[in-house]
Amino acid sequence: MTGCKSHEGDSAQIGQDTIPVRLVPLQKQAARPVIKATGSFTTDNETVLGFKNVGIIQRIDVQVGDKIHKGQVLAKVESTEIRAQTQEARSGLQKAQRDYDRAKRLYRDSVATLEQMQNAKTALTVAQQQLNAAQYNRGAANLRAPINGVVLAKLANVGQVVGAGTPVLQINGTGANAWKLKVGVNDRQWAQLQIGDTAQVHADALGDTIYKAAVTKKSKGMDPQSGTFQIWLGLTGTPKNKLAAGVFGKAKIFPRSSDKVWQIPYDAFIQGDGMTGYVFVTKDKKTAKKIKVKVQSLTSKSIVISKGLEDATYLIVSGSPYLSEGKPIKIENK
């Protein structure tokens, strides 16, 4: 009973006297929330290869995981039909050449007209172009690597009939600094990120080292399989021979933001209700003012306030339980 009576007396005394408080100046700072994301390593030049011509696959010379070099023959389609088309075009060219030579002689002898010679010349040009197209198709019977890289997947087998453009092999490039970590984020995070935002990347395959990275590309639509938006992070100084397509990685991305916010300690925040609450501030360092604020997010050490402190100068960070609107205050030295 004695203790209770003493407490009530102290409370009454506090209510009548000036309340000692500690202040901190309020200053806006750029919001810099960290976005954590996971994904897998890939490259910008990952591509799917297929034959230009319809045909039967005669051979595939590489397997998944094989390293390839630019210009290397990776697969071949049956070329019997293509060879026949090439020979037909060559014979057509020879005939067109003979017809043109004859028309030219007859024109010199005034037997053929100028129009007949010109028509023969046109037929010769058409035949030459047909042979060029047939020779190109014959060369396209070999599927060649467009870049140095690695085979990621084999999508067809020997003996399979494929159409023009049917996927046969999936490859990616492995040039210097080609590796990127592709991660998925939600729509709000996607909107916050900009090309050039910095990041930190870690992967078990890379050991304990944390590598610097930056946002190099953003998807223009949602990935229907994962339901996320894709972000590509380009790594700086990735060690050679330690990464492969599909290796799992983690990232912390630091988006730039033009929004300015306040970060206040938890001790200064009172009467929180969802994303709003109250704090005490002062301008003259003599009286306390209670204002409502809007919470943007929480961190381990502070509360991020997005609205409400525009007209405040100093934040009261101690003594808040004893304060009320207009209450006199005095500044502690600590």
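The values are calculated or read from the model by the stated rules, or taken from the named source; none is laboratory data. None of these values were measured; they are calculated from a predicted model. So basically every Cβ, Gly included, is an ideal-geometry build from the backbone, and we count neighbours across all protein chains shown.
Just name the residue that is surrounded by the fewest Cβ atoms within 10 Å (Cβ to Cβ) out of those in segment 325-334 that are touching a residue at least 60 places away in the same chain (Cβ under 8 Å) and either among the aromatic types (F, W, Y) or not in a strand (DSSP E or B) (or both).
Among them, the one singled out is K334.
If the Cβ limit is 7 Å and pairs must be 6+ apart or interchain, which residue in segment 16-27 that is not assigned by TED's automatic domain parsing to the domain that holds L315 and surrounded by 12 or more Cβ atoms within 10 Å (Cβ to Cβ) pairs with which residue that is among the charged types (D, E, K, R) and not in a strand (DSSP E or B)?
Listed pairs, sorted by first residue: I19/K327; P20/E332; V21/E332; R22/E332; R22/K334; L23/K285.
Which members of segment 195-219 meet the condition of being loosely packed, with under 15 Cβ neighbours inside 10 Å and over 10 Å from the mean Cα position of the chain (by Cα)?
Those that are loosely packed, with under 15 Cβ neighbours inside 10 Å and over 10 Å from the mean Cα position of the chain (by Cα): G196, T198, D204, A205, G207, D208, T209, I210, K212.
From the list Q200, Q160, pick out the single residue that is out of contact with any Ser or Thr (no Cβ under 8 Å at 6 or more places or on another chain), modelled with pLDDT of 85 or more, more than 29 Å from K242 (Cβ to Cβ) and not basic (K, R).
Only one candidate qualifies: Q160.
Could you pull out the residue among S79, S91 that is over 22 Å from T43 (Cβ atoms), in contact (Cβ under 8 Å) with a residue 60 or more places away in the chain and more than 37 Å from the chain's Cα centre (by Cα)?
Criteria check complete, one pass: S79.
Residues being at pLDDT below 90 and either assigned to a loop (DSSP other than H, G, I, E, B) or hydrophobic (A, V, I, L, M, F, W, C) (or both): count how many of those fall in segment 270-282.
Going through segment 270-282 one residue at a time, the tally reaches 3.
Would you please list the contacts, defined by Cβ atoms under 7 Å and residues six or more apart or on different chains, that run from a residue in segment 303-324 that is assigned to a loop (DSSP other than H, G, I, E, B) to a residue that is of a type in the set (K, R)?
Qualifying pairs under 7 Å: G308/K292; G308/K294; T313/K283; V317/R22; S318/R22.
Among (1) part of a helix (DSSP H, G or I); (2) among the polar types (S, T, N, Q); (3) loosely packed, with under 15 Cβ neighbours inside 10 Å, which single condition is Q97 missing?
Answer for Q97: the failing condition is (3).
Scan (1) in a loop (DSSP other than H, G, I, E, B); (2) among the basic types (K, R); (3) in the same structural domain as G184 (by TED's automatic domain parsing); (4) touching a residue at least 40 places away in the same chain (Cβ under 8 Å) for the single condition K285 breaks and write down its number.
It is condition (3) that K285 fails.
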